[in-house]
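One structure is given here, and the rest of the page talks about it.
The values are calculated or read from the model by the stated rules, or taken from the named source; none is laboratory data. Keep in mind the model is a prediction, meaning the values are calculated, not measured. All Cβ positions, even for glycine, are placed from backbone atoms using ideal geometry, and neighbour counts span all protein chains on display. When the accessible area is computed, the model is the full protein with side chains, heavy atoms only, and any ligands, DNA or RNA have been set aside. Shrake-Rupley method; radii C 1.70, N 1.55, O 1.52, S 1.80 Å.
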Amino acid sequence: MSGTVPPVVELRGVGREYGGVTALRDATLTIGRGELVAVVGPSGSGKSTLLNLMGTLDRPTSGVVRIDGHDVGGLSDRRLAALRARTIGFVFQQFHLAAGVPVLDSVADGLLYGGTPRARRRALAEEALRRVGLGHRLRHRPHELSGGEKQRCAIARAVLGDPSGASGPGGPRLLLADEPTGALDSASGRTVMGLLRDLHAAGTTVVVITHDQDIAASLPRQVRLRDGRIADDSAGGGAR
Amino acid sequence: MNDPLRAARLRPGDAVRVGASGLRTRPVRVFLSALGIAIGIAAMIAVVGISTSGREDLDRRLDALGTNLLTVAPGQSFTGGTSHLPDEAEEMIARVGPVESVGATGRVEVSVYRNDHVPEPETSGIGGYAARLGLPETVGAGIAEGAWLNEATGAYPSVVLGADAAAGLGVHEPGALVWLGGRWCVVVGILRPAPLTPELDSSALVGWAFAEEELGFDGHPTTVYARADEAAVPEVRDVLAAPANPAAPNEVKVSRPSDALAAQEAADEALGGLLLGLGAVALLVGGVGVANTMVISVLERRSEIGLRRALGATRGQVRDQFLIESLLLSALGGAGGVLAGIAVTAGYAATQGWPALVPAWAMAGGLGATLVIGGLAGFYPALRAARLAPTEALTAV
Ligand SMILES: Nc1ncnc2c1ncn2[C@@H]1O[C@H](COP(=O)(O)OP(=O)(O)OP(=O)(O)O)[C@@H](O)[C@H]1O
Ligand SMILES: [Mg+2]
């Protein structure tokens, strides 16, 4: 990695406490552009906490989080929101698709807060849904789709890139997925993982939390958490 | 160079669409909470609309009738008895500069019946009056059937009936005979209803000369009617007592019938005020309903709030979303209420034969009030939504 391009994610001695509970302590981790990383660990080990910190949904109680070179601790709510709108996409275990709303519109909301005009959002959403193999389900509502299909919609929404947007064609996209296959059967899970791999191949930086050892093992890099600490990082850098 | 971390503003269309998204998926709840607002606004619009329509109708009627009619009648005398107007009162009043025309009636103590079989103690409620020939022209009473009295018929047993008197006697056309003061009189005409001078409606009018010669009429006018130049009516009203009864001007009562009509209408306004108050209470209750709906909406949609924050919504944008939702919700109720208020006004006006009129200020005020209510009701829930931490919102199920 060249010195002029900052890593997408950079954590330095990051900790997060909830009242008396320490969910994450002294985490140091660097994720470069275009990486595909699995985050694994037992329940309660701090995986979601780590992901939320990377996604700027949460702020650390200690240490420094830098996303795309921006120190999250020094950013206002508005600037953090802009960072999320332009750079970061989320996929959750629950798909978070609005009930009764055609998936095309839900997916188009991926660019709502980036200021993209509606017609353009919908055109991009249609394109993204085609890419995830749901081009024929644009007008369908979530209750008409299977879990796997819903998760594919959620992924389409998360990566709805606007090449003409402020982040620019080469702008880093960071996709954070918290147990995206957790609610799916293994076949749907494989499809979803296949999609994440495709995105990675196209240049998106992807971080996936998973409980599935086989999935984790098949990814290029694994970060293992235990009791709120990074116990092991297959890239070697952040392990203690 | 553009600041890469400047939050984009939502376009107005998007902001409204996002605000409305919460309403579209819960139509029943939206309908019910908008209903409270709608009822309040409808009540207030209807009260204002109905009283405006009534006033408009009165104005039009008064315009047609003219507001320049004055009546002069004997009042209380010093000794407490009823005083008389002198015989010359009418002539004297006619000489006052701005008075354009005069007419007079004098009470004749006779009873009027359909025929001579009705036993004497049974009164018909019809008053007998001697009338000057200029009366209908001055008071603006139209002739419905037949003709008014003239020099010839006024000297003979002929009678013109007011609208109610004719109906009460069952007389529908001239030529009929009625039993008046113990003799047969022929009906030569029937008057139209006279809104400014309702006392004429229930009267039987005979010629002045005939009344004096045959019915024992004392010749004193009991009411003198005067039309004056519209612009001079207040002054004329003030000076009319002297010529009417130079000996005792303080025993003369001068009034303006159009004022009485207007005052009668104003009496209904107390009821209007009560209804307006009830409308305000309904509106308040409606506002509380909207606030309640919004609080529940925010609680139920925590995960949606979390998702929107993850998609890049600022706190302000989340706050605005719920504020707009609240505004839309109450504006919906307000618009429905305005329409319902207009419908009620139109319906009521139709039954009264009034022109339907809802003032623009009432509609604008109604909608404005709903927006204020929506803003107040949505303010606290919207702040709560905005303050919600994204991670907390996302973990809510
Ligand atoms: N908002 C919170 N308040 C208090 N404690 C919290 C909060 N969020 C997380 N924790 C605690 O922090 C620890 C780590 O939680 P986290 O959700 O990161 O675990 P996880 O690795 O994602 O677990 P799982 O695999 O079950 O999702 C847990 O002990 C949890 O109870
Ligand atoms: Mg978790």
Quiz prompt | Relative contact order (%) - chain A, alpha-carbon pairs under 8 angstrom, separation at least six | solution = 28
Quiz prompt | Kyte-Doolittle mean at least 0.5, axial Cα span of 30 Å or more - DSSP H helices of chain A | solution = none
Self-check item: At least 15 Å along the helix axis (C-alpha) and Kyte average at least 0.5, DSSP helices within chain B
Solution: B:27-65, B:269-300, B:315-352, B:360-387
Self-check item: For B:TRP184, solvent-accessible area (1.4 Å; no DNA, RNA or ligand), Å²
Solution: 100
Quiz item: Which far-off residues, 5 or more places away or on another chain, put their amide H under 5 Å from the one on B:SER158, with H placed in the peptide plane?
Solution: B:VAL186, B:GLY207
Quiz item: Residue by residue through region A:136-146, which ³J(HN,Hα) values in whole Hz follow from phi under the Karplus form 6.51 cos²θ - 1.76 cosθ + 1.60 (θ = phi - 60°), with glycine and proline marked x?
Solution: 8, 10, 3, 8, 6, 9, x, 5, 8, 10, 6
Practice problem: Hey, can you grab everything whose amide H is under 5 Å from the amide H of A:THR205? Only 5+ residues off in sequence or another chain; H modelled, so Pro and N-termini drop out. | Solution: A:GLY34, A:ARG173, A:LEU175
Quiz item: Which ³J(HN,Hα) values, rounded to whole Hz and listed in residue order, are derived for region B:245-256 from phi using the Karplus coefficients 6.51, -1.76 and 1.60 in 6.51 cos²θ - 1.76 cosθ + 1.60 with θ = phi - 60°, glycine and proline given as x?
Solution: 8, x, 6, 9, x, 6, 9, 10, 10, 10, 9, 10
Quiz prompt | Shielding score for A:113-124, defined as the mean number of other chain Cβ atoms within 10 Å | solution = 3
Self-check item: Stokes-Einstein D in µm²/s, Kirkwood radius over Cα pairs - chain B at 20 °C with 1.002 mPa s viscosity
Solution: 81
Quiz item: Across the residues of B:385-392, average count of Cβ atoms on other protein chains within 10 Å?
Solution: 3
Exercise. Round to the nearest 0.05 the FRET efficiency obtained for B:ASP259 and B:GLU100 when R0 = 30 Å and r is the Cβ-Cβ distance.
Key: 0.95
Quiz item: Between region B:10-26 and region A:175-207, what's the alpha-carbon centroid distance in Å?
Solution: 31
Practice problem: Over the whole of A:88-100, what's the average partner chain Cβ count within 10 Å per residue? Rounded to a whole number, please. | Solution: 4
Exercise. Under 1.5 on a/c is rounded, so check that first for region B:68-255, then, if it is not, pick prolate when a/b is larger than b/c and oblate when it is not; a ≥ b ≥ c are the square roots of the alpha carbon gyration tensor eigenvalues.
Key: prolate
Quiz item: From the residues B:VAL290, A:PRO6, A:LEU129, which one has its Cα farthest along the dipole of the protein assembly as shown in the positive direction, the dipole being from +1 and -1 charges on Cβ of Lys/Arg and Asp/Glu about the Cα centre?
Solution: A:PRO6
Quiz item: So what are the ³J(HN,Hα) numbers for region B:215-224, from phi and the Karplus equation (6.51, -1.76, 1.60; θ = phi - 60°), rounded to whole Hz, Gly and Pro as x?
Solution: 10, x, 6, 7, x, 7, x, 9, 9, 10
Self-check item: Charged-residue dipole, Cβ positions (Lys, Arg, Asp, Glu), region B:68-255 about Cα centre, Debye nearest 20
Solution: 220
Quiz item: Which whole-number percent is the relative contact order of region B:68-255 (Cα, under 8 Å, 6+ apart)?
Solution: 37
Exercise. Using Cα centres only, tell me the gap between region B:96-169 and region B:331-374 in whole Å.
Key: 46
Self-check item: B:THR293 accessible area, 1.4 Å probe, all protein chains in place, Å² to nearest 10
Solution: 20
Quiz prompt | chain B: relative contact order in percent, alpha carbon pairs under 8 Å with at least 6 residues between | solution = 30
Quiz item: Over the protein assembly as shown, what is the percentage of antiparallel beta bridges among all DSSP beta bridges, to the nearest 5?
Solution: 65
Quiz item: Which value, in Å² and to the nearest 10, is the accessible area of A:LYS47 when all protein chains are kept and the probe is 1.4 Å?
Solution: 10
Self-check item: Helix-only CD estimate at 222 nm, as mean residue ellipticity for the protein assembly as shown, using -39500 (n - 2.57) per DSSP H run (n ≥ 4)
Solution: -14500 deg cm²/dmol
Self-check item: A:ALA38 long-range amide H proximity, modeled H, under 5 Å
Solution: A:VAL208, A:ARG221, A:GLN222, A:VAL223
Self-check item: Accessible area per residue, Å², the protein assembly as shown with all protein chains present, probe 1.4 Å
Solution: 44
